[in-house]
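To start, the structure itself, in structure tokens.
What follows draws every value from the coordinates through simple rules; no lab data is involved. Since the model is a prediction, treat every value here as computed from it, not as a measurement. Positions of Cβ are generated from backbone atoms using ideal geometry, with glycine treated the same way; all protein chains shown enter the neighbour counts.
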Amino acid sequence: KIVVMVKNVVVLGGGGREHAIVCALRKSSQVGVIYVLPGNGGTALMDQVENILQVSPTDGAHVAKFALEKEAALVVIGPEAPLVAGVSDAVRAVGIPVFGPSKEAAEIEASKAWSKKFMQRHGLRTAHFEVFSRNEISEAKAWITHFKKDVVIKASGLAAGKGVLVPPCGDFEAACAAVDELAGQPDEASDEIVIEERLCGPEMSLLAWCDGEFAVCMPPAQDHKRALFGDRGKNTGGMGAYAPSCAATPAQLNEARRMMQTAVSALKEEGRPFIGCLYGGFMLDPQLGVSLLEFNARFGDPEAQVILPLLESDCFDAMLACAIGNLGQGCSIKFRNASAATVVLASKGYPGSYAKGKLISGLAQALSVPGASIFHAGTNLKQNKELITSGGRVVACTAVAAELKGALRAAYAAATCINFDGVFYRGDVGRTVLDAKLKVGVLGSTRGTSLQPILDAAAQPDCFFEIVSVLSNKKDALILEKGRNARVPDVGFISCLTAQNKKMSRAEYEEIISERLENARVECVLLVGWMRILTSTFVKRWQGRCLNVHPSLLPDYAGGMDLEVHAAVLKDGQRESGCTVHFVTDQVDGGEIVAQRICPVLSSYTKPEQLKATVQALEGPCLLDALRRFAQGDAGTRFFPRKAYLSSTTQPKDIQNNEIITYRAAGVDIDAGNTLVELIKPLAAATRIPGVIDTLGGFGAVFDLSAAGFGAASTPSEDQVLLVSGTDGVGTKLKLAAEARLVTGFSYDQNLGVDLVAMCANDVATTGAQPLFFLDYYATGKLDPSRCADVVAGVALGCKE
């Protein structure tokens, strides 16, 4: 009999963030009862969850006593107020692990003035700023006038996400009025006012699991702060979000991750180790680069409502690892390869005054939407089980889907089901991503004739895409000139030589290309006369995002090249031909077909060059058709999350990433092997004698006995006799199969023998030859006769089969 010890958990808070935390914890098989102080109408309806109204979440002594009484294994602090009140210190003092920073560490959010100075002390890039007290209003206004740049005015203390005023650009009178407005507020939040330079660019929320030493970042998210459609209206706590956000390039994201780790390390150095969730708000300013706007000492709201639903790992394990300083001891935190979006439904008047007690309907219908969840924020459950509004932000409709477009569609479908008097929500969450111009990169080695119609279309002001990069492996390729003439921002030749004038491996070369494309924010890659074979690594990295045009109506004439294809079409007497745009995969010309254009094969065509000219004229329009489908998300993976945004590169070295096993991860360097083949080909060629037909690197070596002088001279009327020899090796994949219990029926060694014969026979068969005999060798550091006999038994069985 197996006994599973369940652990009770106490969660402090009553908003949408806390409901999302409770839902994530409730999925753990280790968690027993979850006590929520005070909770909301949503948590009140959940099994395994109890709302506790008698204990104030900001009263550290009472929270600690309650947690002891309930034998809590973990206390999770959601909002900022209990953190600033020192509740985590009180609970830790009685020996209970806490997911939430100490009062000292929480100052990184409690005081924007302290936080900005902390960033400055530790070289964390942020906007230029000054701090003024409530009694220094005239000095603050004078600084604004002298600064002569656009500014943002912030209350230094806690203001529930509503202490930030953004005056119109160039309006210094409005900026001074904003200072008066904040200074005139009676609460302590405005005792100090931070005035900082206004940065421009997309924002990004980056949250991290922290154990006092390490910061393991979660997928980046995008918040929507303004109350109304089109980023109008006042700032709010957040009206919607989606994750993962692709606002940053992978390089920018890694820089932000490094800044998060620097902050955690610096807090430890200053004697206030940070334990819990550290929130970094970043601005991707085109001039300054990745810059910090703010730190929060807890999960964002509504970011938690899109990040936690993507969590694949056990939330209890992750939070406990942070609480006990165990992130670097083998705790692996994974997220789903999916997208999440949330839409916040608010009360009329929010973020100002609003009515409460409005009856909420349609929640059951909303939950019936596939992939949808409802996180309650400002709701109460009446005694008759009816739900009513009790806050400004009432509920958040979240949906998870394979890609962002689907997640947004489902989230809005759920939102339309819910109703209460005065309900409103933004209708443009995520629209900046869906409506953005598609960014296209081009790889080409030749003239780039097919690219010209694409460049012409991109030059039109209402075009749905823009060419942002044109790269070539040929220094004098005319496609580069076309890119420069079209004023493409990034045009360049990528040399395959290192700084030491040594030839790069294919993997190294393609890594440079990928980084160049990613830094240009390329979403879709077009291969236009690219005369290099792409590795599996590149294909996987750009899966569903790399398009190639082929001069035939695939799948016919797949694998053919240029005039070879057109000659075959004419030879076969085809009545029509054309071109195909398809996604690039490991199978040559075998990827999904995105678009095709067809043309008749005229009887007057006698040369392949004539057909080529006709087909080539179709390639540009066909590429446009494919780009349009890709841009709309009807083909490819434009709105699917990319791996770089789902996992952190700043994880502790001891954390196991559990990546899919590859040859490279196992220590086998295929690119090095390919390089070796190229190096020894001329050595093998130097030994060539009459009769040798093939070169090094094929599946089998072909030898013409007659041409070598053995047997009768070969004539066109006689059958030509060719010998084919081949050899191969096996082992690794069968070992993996054995460990995964996929090898059944007889031993691993016998399977190895059978597979060895199959590999060698298949190599010979690819040339059309009949396998006649088997020849190989068996090498071992220590001979085990019985195991060797099993291998040979397998060889014999393979030969018989």
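Between rounded, prolate and oblate, where does region 120-196 land on the alpha carbon gyration tensor, with a ≥ b ≥ c its root eigenvalues, rounded for a/c under 1.5, else prolate if a/b exceeds b/c?
rounded
Treat every Asp and Glu Cβ in the chain as -1 and every Lys and Arg Cβ as +1, leave all other atoms uncharged, and give the resulting dipole magnitude about the Cα centre to the nearest 20 debye. Walk me through the intermediate numbers first.
Details: 79 positive and 87 negative charges, 191 e Å.
Computed about the Cα centre, the dipole is about 920 debye.
Once both labels are modelled 7 Å past Cα along the beta-carbon direction, what's the residue 634-residue 432 spacing in nm?
Simple spin-label model gives 2.8 nm for this pair.
Taking only the alpha carbons of region 7-76, what extent do you get along each of the three principal axes, in Å, biggest first?
The Cα atoms of region 7-76 stretch 29, 24, 16 Å along the principal axes, largest first.
Does region 341-467 come out rounded, prolate or oblate, given a ≥ b ≥ c as the square roots of the eigenvalues of its C-alpha gyration tensor, rounded meaning a/c under 1.5 and, failing that, prolate meaning a/b above b/c? Walk me through the numbers before you get to the answer.
On the way: a/c = 4.82, a/b = 2.87, b/c = 1.68.
Note, shape of region 341-467 comes out prolate.
Let's see if you can work this out: charge +1 on each Lys and Arg Cβ, -1 on each Asp and Glu Cβ, no other charges. What is the dipole magnitude of region 129-275 about its Cα centre, in debye to the nearest 20? Intermediate values should be presented prior to the final figure.
On the way: 15 positive and 22 negative charges, 101 e Å.
That gives region 129-275 a dipole magnitude of about 480 debye.
Take every Cα pair under 8 Å in the chain that's 6+ residues apart, average their separations, divide by the length, and report that relative contact order as a whole percent. Before the final figure, lay out each step's value.
Numbers: 1665 pairs, mean separation 73.6, N = 801.
So the answer I get is 9 percent.
Would you mind computing the Rg to Rh ratio of region 155-300 from its alpha-carbon coordinates, Kirkwood style for Rh?
0.98
Quick check: residue separation of residue 288 and residue 500 times 0.36 nm, minus the Cα distance between them. What number comes out in nm? Working shown, then result.
Values: separation 212, 0.36 × 212 = 76.32 nm, distance 3.26 nm.
Contour length minus Cα-Cα distance gives 73.1 nm.
Can you list which of the trypsin sites (Lys or Arg not before Pro) found in region 115-170 are DSSP loop residues with at most 10 other C-beta atoms within 10 Å?
Sparse-neighbourhood loop trypsin sites (Lys or Arg not before Pro): 148.
Rounded to the nearest 5, what % of the DSSP beta bridges within the chain are antiparallel ones?
If we restrict to bridges inside the chain, about 70 percent are antiparallel.
Modelling each spin label as a point 7 Å along the Cα-to-Cβ direction, I'd like the residue 586/residue 383 distance in nm, to one decimal.
Modelled inter-label distance: 6.6 nm.
Would you please give the FRET efficiency between residue 146 and residue 229, computed as 1/(1 + (r/R0)^6) with r the Cβ-Cβ distance and R0 = 45 Å, to the nearest 0.05?
0.80
Write out the GluC sites (Glu not before Pro) in region 283-388 meeting two conditions: DSSP loop, and at most 16 other Cβ atoms within 10 Å of their Cβ. Don't skip to the end; give the middle numbers.
Values: sites: 294, 303, 312, 386; in loops: 303, 312, 386.
Passing both the DSSP loop test and the Cβ count: 312, 386.
Would you list the P(r) distribution for the chain, with all Cα-Cα distances sorted into 10 Å bins from 0 and each bin expressed as a whole %?
2, 11, 17, 20, 18, 14, 9, 5, 2, 1, 0
Using only the alpha carbons of region 42-84, determine the length spanned along each of the three principal axes and report them from longest to shortest in whole angstroms.
29, 23, 19
Order these peptides, 29-36, 202-209, by their mean beta-carbon neighbour count within 10 angstrom, highest first.
So the order, starting with the most tightly packed, is 202-209, 29-36.
Any chance you could run the full-extension gain for residue 356 through residue 721? It's 0.36 nm times the residue separation minus the Cα-Cα distance, nm to one decimal.
Once the chain is fully extended between residue 356 and residue 721, it gains 122.2 nm.
Using only C-alpha atoms and all pairs of different ones, pull out the Kirkwood radius for region 73-208 in Å with one decimal.
By the Kirkwood definition, the hydrodynamic radius is 16.4 Å.
So how far apart, in nm, are the two label points at residue 463 and residue 5 if each is 7 Å from Cα heading toward Cβ?
6.6 nm
How are the alpha carbon pair distances in region 1-117 distributed across 10 Å bins from zero to the largest one, expressed in percent?
14, 45, 30, 9, 1, 0
Highest mean first, how do 457-467, 787-797 rank when packing is the count of other Cβ atoms within 10 Å averaged over residues? Display every interim value, and only then the final one.
On the way: 457-467: 14.6, 787-797: 16.8.
In decreasing order of mean packing, 457-467, 787-797 become 787-797, 457-467.
Based only on Cα atoms, what Rg/Rh ratio does region 509-568 have, Rh being taken as Kirkwood's radius?
Computed over Cα atoms, the ratio is 1.04.
Over region 444-516, what portion of Cα pair distances is larger than 21 Å, expressed as a whole percent?
Working: 865 of 2628 pairs.
Tail of P(r) above 21 Å: 33 percent of Cα pairs.
Using only DSSP helix segments of four residues or longer, with each worth -39500 (n - 2.57), what per-residue ellipticity at 222 nm results for the chain after dividing by its residue count and rounding to 500?
Rounded to the nearest 500, it is -9500 deg cm²/dmol.
Among 75, 276, 144, which residue has its Cα positioned farthest towards the positive end of the charge dipole of the chain, with +1 placed on the Cβ of Lys and Arg, -1 on the Cβ of Asp and Glu, and the dipole taken about the Cα centre?
144
Quickly rank 97-103, 446-452 as a protection proxy: mean count of other C-beta atoms within 10 Å, highest first.
Peptide ranking by packing, descending: 97-103, 446-452.
Working out 0.36 nm times the residue gap between residue 693 and residue 765, then minus their Cα-Cα distance, what length gain in nm do you get to one decimal?
Computed gain between residue 693 and residue 765 is 24.3 nm.
Give, in whole angstrom and from largest to smallest, the semi-axes √(5λ) of the equivalent ellipsoid of region 112-158, with λ running over the eigenvalues of the Cα gyration tensor.
So the three semi-axes of region 112-158 are 20, 14, 9 Å.
Expressed as a rounded percentage, what relative contact order does region 218-341 have, with Cα pairs under 8 Å and six or more residues apart? Provide the component values of the computation, followed by the final result.
Values: 167 pairs, mean separation 30.6, N = 124.
Relative contact order comes out at 25 percent.
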